[in-house]
Each structure stands twice: as structure tokens, then as C-alpha cells.
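In what follows, a structure is listed as C-alpha cells, so that the remarks can point back to it.
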Amino acid sequence: MGSCRYGYGVVREVIVRRRTRGPSRRAARRGAKGLVAIVTAATCVGVLAPSSLASGLHRLARSTTSFAADGERYAAWQLHVGAPIVVLDTLTGSRQTIAPAGCELMRDQNEDGEPSATAADGRFLLDCVTPAHLQSQEVLDLGTPGTFVMLPNGAGFALSRPWTALGTRYVQGTAAPEECSHGAGEHEPCIALFDLATGAVSYRPPSRVLNLDLPGAPQICPALRASLRAQLRYGVLPEQLAYQNGVFAHPTINSHNIRIERCNGRSTLLRGPSEPAAQPGGVRPSEPRGFDLGAGLLTWDTAHNADGAEMNEQSNAHGTLSSYRPSTGRRQTWKLPRLPLVGAPNIDGSGPEVESPGVYGYSTHTANTVFWIATRTVRGAALTSALIVETSSVYAASVNSVAVPPRARPAG
């Protein structure tokens, strides 16, 4: 899944994310509602109403510890730590298993629930441990069976696992300050870019918003750059935004609808779905999140992030997953399953484990399949008040049939 979800679509954007945890994350969500209005002026060319519910999702895996989708054709997961990686080809429906020694699939959701671009164009990021017990990272390439690309590590990088985002041409990571010479006064880590074709590493200022799928990793178009940066700077979470091929999707000022802006100045307004309210027969507006653009498809959901959630919170009992194809205007919506979330009842992880039914998780897609990654078990973080996702169930549904993108390469 590759960007703001920069990185779950064909074009993945690299940003320096501002992250908060626990109660402050919930405050950031509430505070972001009035800030999403900072957008580039555009002419609205359409207002589209929500669709009716599509046929149901089906479960692919009951319990997984990691999941990633490349935004085009392939999805992969592991049932538990050390298990083989299961790869699903959503074009043919076939599956294969791969068992890279000492490596785990990097999931496209961080432990605290934020999206992370860990797959693109039939490639997946892996976390590995060498025989000498050193941490390393590799790229699994399905286009060339048995190929694993070792990523540079160690001196010159700010983290032990520096590579965090994968595009079709580049891998993005964090370089140590001494590698960064982009202007006086910058004494902070900068962006490192690994060229998948040549193996060369280059560096960019940390403030850049880069396109990892085009030669040279240029910045996004000027018409949308200021809008995207402003929303991030004022606290809008990355999972509320998505950019791909000159298209920028984000919530509207009331946080209930979706605005799609384009580099050519045109825009479209999508009305968000409604959900049942507390009173019998009542409805309430939803709050779309988890935006994902890729392969000409936009998806989002109205579910909830387990990190920062209070167990037994009744407002988290409903949620939907929606898809919209800009080229045709076709839209589909699925009702998400209400499942028990198993974890400690208090935000600090204290107290005995309880089951709290709700709709927790995140969504992503390939060109013809939407996925719902439902959080099932959580635990309290050792040093913070966050809840860390341990296991998830994987659900899927087909969207209207499309041809696979030209560069999506077969495995084998």
C-alpha cells in the first residue's frame, strides 16, 4: 500500500509527519476539523451523493500480525511473527507463500495506527535480522522471483530502521544530520532517497513533499503543494489526506464530506455517508478518514483508530468503507463488521483485558479489490500512553472490474 497515505497509491508522497499519542491524538483530531479549510481555491465541477451499500466483505485471514498492499495488484500478509509471507495476486486470485530467512513484512500501518507506504509496484519492504543479529531492511521484488534488494544502513542514517516509504522508483528514509547540506541552520535529519534502479543514495531537505514514482523524485505540483503542507502544519493527520497523479483528496471544512482537488484547478465534492445515531431510526454524518489513492481509485473509511480509543466507547460501533473511481464517477460503499477489540480498558494500558465491540482498523486497496484491516488485539506501549496494534483480521471485496495498470508486473 504505498504516501500521505503518501504512499498507498501509484504516486506516493514523502513528508515529515508530526505525530502525537494518546489523548493528544484525539485532541488533534477534534482540533483539525476547523483547519481543513486551508485549501487552494478551485472551481467545483460536481457534487456527488453517497451510494447505496454494496455486497458484503469476505474474510481473507482471521488473524495477522502484518499486512501491506501495493496499490495496484498485490497484497501480502503474515499470520504471525516468523510465518511465511502470503502474497495474493488480486488480478488472477492466485496465492503464493514466500519465506525470506530472518525477515518480516513491514505492515502498511504503524503500530500506533498511522498509514505507512511500505509496498509499491509488486515490491514490499521487509525488516530483517542478519545471522550476526544486526538489524537490516530489504525490498522483496515479486517481478523477479527470489530477488531481495538490501538497503543501506548504519553510519549516515538517523535510525536503526531508516527506510519507511516505498515508491515505484525510490525508497525514502531518514538520513543523519551530517549527511544533510541543504542550507545553513538545518541541524536535523533530512530525507534519504534510495534509487531502486541504480542503488544510489541522494538527499533532500526535510520540508520537501516528494513524488517517489517519477524520475528525480520531483515535488508535487505547485497548485496543491501549499494546500497539502498547510493542512499538515496545522495538525491534520496524514491519514486524512491522499495525493496521486495531480489529484488531492481530503475532508471538507465540516469533516463530513470529501473534496477532490486537481493540479488543473478543478475540484469535485463527494458527500460522505451517514451512519446510525444513538436515537432509534436516527442518522448522523460520518467523518471520512484513511484516504488512499492509487490505480485510478480513491478509497476511505469512517472507522476508528484503536490507538487513543477508550475501550467500551459506544460511538465507535459503526463504520463504512467507500470507493470512488474519478474516471467514471462510480462509487461503492460497504458496511464494516463490528468486532470485539481485545485489550486493556484504560488508555495507559492498565487493568485486566476486556472485549470492546466496535469498528477499528484501516482500509486500503489494489486496482480491483478493497481491503479492510480490522484491529483485533491491542496492548499498551511501554513508555507512552498509546495502544499498539498487535493483530488484525483481513477482509476484502471486489470493486468494478478494471484492467491492471500497465507497469504492474506479474510474479514469476
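Please find, within the range 112-127, the residue that is modelled with the lowest pLDDT out of those that are assigned to a strand (DSSP E or B) and either of a type in the set (Ser, Thr, Tyr) or more than 12 Å from LEU166 (Cα to Cα) (or both).
Taking the range 112-127 first, the residues assigned to a strand (DSSP E or B) are 115, 119-120, 123-127.
From what's left, either of a type in the set (Ser, Thr, Tyr) or more than 12 Å from LEU166 (Cα to Cα) (or both): 115, 127.
Values: PRO115: 65, ASP127: 93.
Filtering first and then ranking leaves PRO115.
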In the range 118-133, how many residues are among the hydrophobic types (A, V, I, L, M, F, W, C) and either closer than 15 Å to THR364 by Cα or under 15 Å from the mean Cα position of the chain (by Cα) (or both)?
-> 4
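Could you check the range 142-151 and list, in sequence order, the residues that are touching a Phe, Trp or Tyr at 6+ places or on another chain (Cβ under 7 Å) and surrounded by fewer than 20 Cβ atoms within 10 Å (Cβ to Cβ)?
Result: no residue meets the conditions.
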Inspect all residues belonging to the range 128-135 and state whether any of them is modelled with pLDDT under 85, under 30 Å from VAL86 (Cβ atoms) and in contact with a strand residue (DSSP E or B) (Cβ under 6 Å, 6 or more places away or on another chain).
-> yes
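Among the candidates ALA28, ALA41, which residue alone is modelled with pLDDT under 85, closer than 30 Å to ARG271 by Cβ and in contact with a Leu (Cβ under 8 Å, 6 or more places away or on another chain)?
Working: ALA41 fails: in contact with a Leu (Cβ under 8 Å, 6 or more places away or on another chain).
Of ALA28, ALA41, the one residue that is modelled with pLDDT under 85, closer than 30 Å to ARG271 by Cβ and in contact with a Leu (Cβ under 8 Å, 6 or more places away or on another chain) is ALA28.
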Among the listed residues SER393, SER398, which satisfies the condition of being of a type outside the set (A, V, I, L, M) and either under 17 Å from the mean Cα position of the chain (by Cα) or modelled with pLDDT under 90 (or both)?
-> SER393
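The values are calculated or read from the model by the stated rules, or taken from the named source; none is laboratory data. Values in this document were obtained by computation on a predicted structure and should not be read as measured data. So basically every Cβ, Gly included, is an ideal-geometry build from the backbone, and we count neighbours across all protein chains shown.
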